[in-house]
Amino acid sequence: MILLPSGRKAGITNIRARYHALRLNRVISPDTPRQELYRLIDIVVPPSESQWLPGGCSYIFTGHTLDELQCLKHWPKKDRRAFREWVQQDIQVSEIEQVRRRIPEDLPLISREFNYADRLYSSLKSRIEALNLKRATPIHWKRTLLNLRRTGVRNEELEWSGLLQLLDKSHRRGEKVITLDLLLDSIDFSVIRPCLTHELAMETDSGLEFIELPQTKSHNRLGLVQKINAPGEVCVLRYADTMHYYKVGHLMRVNTKLKWERTLRWFAFDTIGNLITSHHSGESFFESQEAAFKVASEHALQHVGIPVSYKPCNRYEHKTLCGGSDYREWLLTLPDYPISYHNKHYYERNLLLHFRTKIRQDKKGRRLLFIEELQSDWHQSGAMHGYQTHWPGHIPPAPFRKEWVGLALKLLLMHAVEMGLEGLAWTKGKIQEAHYQQTMMTVRRLYDELIPNYLLNLCGEWGGKIERTLIKTKEPRLHISRQMDKWFVTDPYGSFSTSARDSQKEAIQIMARHSKRIELEVPVMYLDVKMRAKIEKHGFPMFGEKPVMLD
């Protein structure tokens with residue numbers, strides 16, 4: 001950080017570059033001008049004395065990126081000028097240039113944000129507003145706030161509100177009176193603001209309608225269009241768009257017996273048979289067919305004007321039960337949290353939890369929002385290995401440590417109401433254990449105890465209760481795994497296996513074809529008209545499970 005002429009401190013960080021790139025739908029390449037990278041660099045300042053942050057947090061985000069320096073009107077001109085000159089120094093230039101390495105080439109093109117998390121309110125603020133006390137000493141206010149824990153206000157909410165720190169600071173300064181309005185205005189949860197998103201990828205079969213070509217040597221051996229294969233390789237066409245004549249294929253190596261061994265690289269041809277080069281990376285060969293589809297679609301949009309649409313990313317759809325529709329992977333992040341955490345499932349920074357859902361119908365035709373999986377790698381790893389702020393590679397502390405299951409269910413309930421669905425259902429713990437092929441008591445406790453208990457606390461006063469229903473699906477005995485860019489279907493006993501498949505969709509179809517149809521009993525909470533109206537009107541608190549009634 002730099003000490004500016006006015007005495008304030010400020011600095012920059014690139015840790016949210018991917019977040020900004022998704023938000024702005026920006027693609028970064030080696031040729032991107034440095035000035036363009038300013039939109040991905042955050043301006044940060046030290047936290048105030050009243051803000052409660054875990055140890056080691058030396059800054060907070062201002063909400064402005066480096067290209068918005070002029071928007072900081074409360075900064076004097078001499079501060080902005082000094083800061084701009086500081087940014088031009090070599091060490092800051094290096095920080096900015098690292099953005100090119102922080103953003104992977106397979107970054108989804110766009111991220112759709114939902115506002116459900118913004119509807120969560122503060123129970124603490126509602127309780128304070130209901131007090132008859134209008135002004136009091138800092139000590140009196142502090143005792144009053146701590147007593148609110150008896151009526152459902154969580155200790156974590158008190159800590160993150162910053163009020164306890166404010167009152168301690170006021171007491172040390174000798175301030176005699178704090179007004180109710182000042183107390184309410186000082187509540188600030190911006191640092192732990194949750195953000196709920198879907199990552200969207202280009203629809204590979206939109207605009208260009210690729211069909212799979214027959215697997216015959218005479219049809220697929222490619223020599224007339226363009227010779228791109230090396231000795232010992234065969235150029236194979238796999239997909240073609242029959243209207244616009246775009247083609248996608250791959251190179252394969254052959255052995256001495258003229259048997260194809262393995263796929264090497266994927267490629268795409270345009271309408272006249274020219275090899276397409278990605279304008280992002282400059283490459284002409286790709287690791288997967290999805291990448292080749294994407295390049296072909298981008299070329300068609302740019303040169304032929306064929307429109308391209310987007311779809312939610314479905315990295316883990318193969319881990320769902322068969323059947324259902326509208327598969328979604330939901331990511332709940334803490335974009336403004338100053339400590340960084342990354343998990344193994346997604347690239348997203350500070351992913352607090354993720355859940356995967358489908359829409360299913362029960363035996364009576366009622367449409368349900370169905371939870372396929374609910375997980376917090378951050379807090380589940382922290383519970384297992386402990387939290388540590390100061391050591392790189394360790395798990396940093398995070399908010400909602402004991403609230404993450406309830407937080408997810410609040411958002412899911414609001415989404416179910418928004419979509420007009422009639423209930424929220426989920427799998428039993430033993431079904432989840434089948435995915436991992438082992439007994440896991442923590443997983444079983446999550447699905448068999450925690451989820452129903454949280455739902456009863458959230459909706460019990462509105463008539464919610466846990467019931468059982470039947471859904472149509474397939475027996476969950478087969479499993480899909482991925483190795484490199486190939487997909488395999490097996491069972492845990494070694495009695496069933498398939499050869500390598502090229503796509504997740506093909507593996508899912510095989511699993512469904514070889515699984516027995518069943519009616520599976522699942523727990524459910526139905527949402528009648530009155531309950532949906534209650535949820536829509538009252539919403540849910542950010543912390544705790546007891547809604548504050550507005551009527």
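The values are calculated or read from the model by the stated rules, or taken from the named source; none is laboratory data. Bear in mind that the values here come from a model prediction, so they are computed numbers and not experimental data. No Cβ is skipped: glycine too gets one built from the backbone with ideal geometry, and neighbour counts run over all protein chains shown.
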Discussion item. Going by what's in this entry, would E519 be described as among the acidic types (D, E), within 17 Å of G324 (Cα to Cα), surrounded by fewer than 14 Cβ atoms within 10 Å (Cβ to Cβ) and assigned by TED's automatic domain parsing to the domain that holds Y436?
Written reply: yes
Practice prompt. Go through the residues of segment 165-172 one by one and say whether even a single one is surrounded by 15 or more Cβ atoms within 10 Å (Cβ to Cβ) and under 30 Å from F269 (Cα atoms).
Written response: no
Worksheet item: Of I128, I103, I96, which residue is more than 30 Å from V295 (Cβ to Cβ), surrounded by 12 or more Cβ atoms within 10 Å (Cβ to Cβ) and not assigned by TED's automatic domain parsing to the domain that holds H354?
Response: I128
Fill in: Output for segment 76-93, where each listed residue is surrounded by 14 or more Cβ atoms within 10 Å (Cβ to Cβ) and within 32 Å of the chain's Cα centre (by Cα)
V87, Q92
Worksheet item: Mind checking which residues of segment 26-57 are assigned to a strand (DSSP E or B) and either within 18 Å of W160 (Cβ to Cβ) or out of contact with any His (no Cβ under 6 Å at 6 or more places or on another chain) (or both)?
Response: D42, V44, V45
Worksheet entry | Sole exception among (1) surrounded by fewer than 18 Cβ atoms within 10 Å (Cβ to Cβ); (2) assigned to a helix (DSSP H, G or I); (3) aliphatic (A, V, I, L, M) for L446, by number | (1)
Worksheet entry | Selection status of H303, modelled with pLDDT of 85 or more and part of a helix (DSSP H, G or I) | no
Worksheet entry | helices (runs of 4 or more DSSP H) wholly inside segment 58-154 containing at least 2 residues that are in contact (Cβ under 8 Å) with a residue 12 or more places away in the chain and hydrophobic (A, V, I, L, M, F, W, C) | 77-87, 90-97, 123-129, 138-147
